[in-house]
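Data first, discussion second: the structure below is written as structure tokens.
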Amino acid sequence: MNGNKPYDPNSETFSPDRGFASYDGRKLVYIRPILASDVMDDLQDEYGDMSVQIDADATLYSVHDEDGERLALVGDRDLAFAAARQHEMTPVSVH
């Protein structure tokens, strides 16, 4: 979206028309399962401590924009889809 900054729909610099793939006028986001062990580094704070406690073999769901930038990690598939829809995006599953 805007570099490495997290998605913020309330940001003054956020523009919903910035080159996103769309379906029915809504931005597409891609949701795929990922093992927690593959993103453990992203779950650590600046001191190397885990910011959340999660088993390394747990399945998380990664939400990506059209460029492949990860927008979110969610612990439940249905919640990932619901959050995308709540932010006026159209989620699609990627295997």
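Among residues that are at pLDDT 50 or above and aromatic (Phe, Trp, Tyr), residue 30 is included.
When 45, 24, 41 are checked against the criterion of being modelled with pLDDT under 75, exposed (fewer than 10 other Cβ atoms within 10 Å of the Cβ), at negative phi and not hydrophobic (A, V, I, L, M, F, W, C), 45 stands alone in meeting it. Within the set of pairs 6+ apart or on separate chains, which have a first residue in segment 22-44 that is hydroxyl-bearing (Ser, Thr, Tyr), a second that is surrounded by 15 or more Cβ atoms within 10 Å (Cβ to Cβ) and modelled with pLDDT of 80 or more, and C-beta atoms under 8 Å apart? Partner pairs satisfying both residue conditions: 22/28; 22/90; 23/90; 30/63; 30/64; 30/65; 30/91. Residues in segment 37-86 that are in contact with a Pro (Cβ under 6 Å, 6 or more places away or on another chain) and within 14 Å of residue 27 (Cα to Cα): 2 in all.
Can you name the residue in segment 52-62 that is exposed (fewer than 12 other Cβ atoms within 10 Å of the Cβ) and more than 17 Å from the chain's Cα centre (by Cα) and is also modelled with the lowest pLDDT among such residues? Among those that are exposed (fewer than 12 other Cβ atoms within 10 Å of the Cβ) and more than 17 Å from the chain's Cα centre (by Cα), it is 53.
The values are calculated or read from the model by the stated rules, or taken from the named source; none is laboratory data. On a predicted model such as this, the values are computed, not experimentally measured, just so you know. So basically every Cβ, Gly included, is an ideal-geometry build from the backbone, and we count neighbours across all protein chains shown.
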